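Here is the structure we will look at.
The values are calculated or read from the model by the stated rules, or taken from the named source; none is laboratory data. On a predicted model such as this, the values are computed, not experimentally measured, just so you know. As a convention, Cβ positions derive from the backbone with ideal geometry for all residues, glycine included, and neighbour counts pool all protein chains shown.
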Amino acid sequence: MKDKKLVKKKISSSNLARRCAVCGKKMHIILYDDRTYRGGHFFGKIPLHRKKEIQKAMQSGTRRVKFGKLVMNVLKVDPKVYAYAEYWECEKCYS
Ligand SMILES: [Zn+2]
């Protein structure tokens, strides 16, 4: 029989309060040291722009971009980003 070494991971968890971007439900996200989490689904960060920057970018026009089956108007020039918002969805909206 092989002796399996038990790897004891020191996992400390911390809690995050996040809101579902789809339904607005409050979620309690538990973050672990090994970079896993529970309680919601994280999709990444969304850049936030100030209105003024968007208007500025709008002035340089848009172009049509195929996004899967959708055709979207995308700005030719990206507006300046001042912050990033995290995008989360709850279990219900994710499934
Ligand atoms: Zn939701």
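At-a-glance table
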{"quantity": "Number of positions in segment 47-94 that are within 16 Å of the ligand (Cβ to nearest atom) and either surrounded by 13 or more Cβ atoms within 10 Å (Cβ to Cβ) or of a type in the set (S, T, N, Q) (or both)", "calculated": "7"}
{"quantity": "Neighbours by Cβ (under 7 Å, 6+ apart or cross-chain): first from segment 1-30, farther than 15 Å from F43 by Cβ and among the hydroxyl-bearing types (S, T, Y); second modelled with pLDDT of 80 or more and part of a strand (DSSP E or B)", "calculated": "S13/I30; S13/L31; S13/Y32; S14/L31"}
